[in-house]
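Colleague: Have a look at this one before I ask anything.
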Amino acid sequence: MSDKQTIAGGAKPWLSQSETPFIRICNLTKKFGDFTAVDNVSLDIYREELFCLLGGSGCGKSTLLRMLAGFETPTSGRIEIDGQDMAGVPAHQRPTNMMFQSYALFPHMSVEKNVMYGLLRDGVAKSEAADRVNEMLKMVQLDGFASRKPDQLSGGQRQRVALARSLIKQPKLLLLDEPLGALDKKLREETQFELVNIQESLGVTFIVVTHDQEEAMTLSTRIGVMDEGEIVQVGEPHDIYEFPHSRFVADFIGSVNIFAGRVVDDAKDHVRLESDEAGCVIHVAHGVSCSENDLLWFAIRPEKMLVSRKKPRGKYNVITGVASEIAYLGNLSVFHIRLDSGMMIRVTRSNLARHDENAIEWDDMVYVSWGETAGVVLTQ
């Protein structure tokens, strides 16, 4: 997970009321017949951000990106970029460029000519264009590949050619639709950090569409989570992960265990839920706007839970079950615990020692516990 959560020398402009958003999306809606692809979205994005739109297939994130680019016309609402209303402004006149998932490189052109193409079409002198292309190829670490054709490049190299071609015209805003989706896992992870470094060095505002939660967490200053055409939460990666606003966000971002429970004690500084699923009373050290006997949900990440054969002290936040599946992944072990209620939960534990004489085995009866600040209560 990246610590790239600040811009402009460490500032967080989204926390300042005096900062003017670079992009304003106001009550934006897009309908295709009776189907609403984007539903009344309002969103502010700031200069030099690397903002990720995250969501599953069909949630509206690519449609939103295409409206920013000018490839789709909003049904209603407004888009402003750098203070200018984009209504009626065609795609080629917007201060934007778009990098497509397919890369759309010209197969008959060399790397150099692919990157140079847009400059020559805009009337830039060939000598100036060549200098700019050379600088851009150095930035994306392809300066030794200028004469190659796309079919002579790896997937990661083609991705960098597409990025160079998108950036060469110096757009104020670069829109990237699933830019790393065609790469294998290892190359995708390496390229994520390259993309962050390039964005930071150029200072161009990036908006990235992705369905990959880990990619969004690594790349972004902030994430906008989308579901059924709506933005359901906006926040920095840490906030989205640790403080989800709903069960959907908690479940969509990473792995989570969610227990339903009835409120049995509601105070300003804590809440207690009686959960048949967990088989215990859950004590949480933060207040919630609720009433006694309300049905709420408690969400906790697998790495925040402890698993052992020995029963922990305390009468809250302790559950019992059987280790039905165990996966050793090197740096951590994953336990699937079947609770007495029949519910299956997931617990992870870092493998800090090379050898564990008391390692939990399959079918062992175990206790799972957690601290009073380890999880979050959700009302929706």
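Colleague: Most exposed first by the Cβ proxy, i.e. fewest other Cβ within 10 Å, how do Thr29, Thr191, Thr96 rank?
Modeller: Ordered by Cβ neighbours within 10 Å, fewest first: Thr29, Thr191, Thr96.
Colleague: Under a Cβ-Cβ cut-off of 13 Å, what is the net charge of the residues other than Glu190 that fall near it, where Lys and Arg count +1 and Asp and Glu count -1?
Modeller: Around Glu190, the charge tally is 0.
Colleague: Moving on. Along segment 248-259, what does the Karplus equation 6.51 cos²θ - 1.76 cosθ + 1.60 (θ = phi - 60°) give for ³J(HN,Hα), rounded to whole Hz, x for Gly and Pro?
Modeller: Calculated HN-Hα couplings, in order: 4, 5, 4, 6, 6, 9, x, 9, 8, 10, 10, 10 Hz.
Colleague: Under 8 Å for C-alpha pairs, at least 6 residues apart: give me the relative contact order for the chain, rounded to a whole percent.
Modeller: Numbers: 775 pairs, mean separation 57.2, N = 380.
Relative contact order comes out at 15 percent.
Colleague: Moving to a separate point now. Over 26 Å between Cα atoms, which of Lys12/Lys304; Lys268/Lys310; Lys61/Lys126; Lys149/Lys185; Lys31/Lys169 qualify?
Modeller: Lys12/Lys304; Lys268/Lys310; Lys61/Lys126; Lys31/Lys169
Colleague: Here is a follow-up. Got a sec? How would Arg349, Arg354, Arg66 order by Cβ neighbour count within 10 Å, fewest to most?
Modeller: Arg354, Arg349, Arg66
Colleague: Normalised radius of gyration for the chain, please: alpha carbon Rg relative to 2.2 N^0.38 Å, two decimal places. Write out the running numbers ahead of the final one.
Modeller: Details: Rg = 24.6 Å, N = 380, 2.2 N^0.38 = 21.0 Å.
Cα-based Rg divided by the globular estimate yields 1.17.
Colleague: In addition: Give me Asp131, Asp269, Asp212 sorted ascending by neighbouring Cβ count inside 10 Å, so fewest comes first.
Modeller: Sorted ascending by nearby Cβ count, the order is Asp269, Asp131, Asp212.
Colleague: Pull up the DSSP beta bridges for segment 13-248 and report the antiparallel fraction as a percent, rounded to 5.
Modeller: Roughly 50 percent of the beta bridges in segment 13-248 run antiparallel, per DSSP.
Colleague: May I pose another question? Please compute the net charge surrounding Val256, taking Lys and Arg as +1 and Asp and Glu as -1 over other residues with Cβ under 12 Å from its Cβ. Mind showing how you got there, number by number?
Modeller: On the way: positive: Arg247, Arg301, Lys304, Arg346; negative: Glu242, Asp251, Glu303.
That works out to +1.
Rule-based calculations on the coordinates, nothing more; no lab input. Predicted model only: the values in this text are computed from it and were never measured. With ideal geometry, Cβ positions are generated from the backbone for all residues, glycine too; neighbour counts draw on all protein chains shown.
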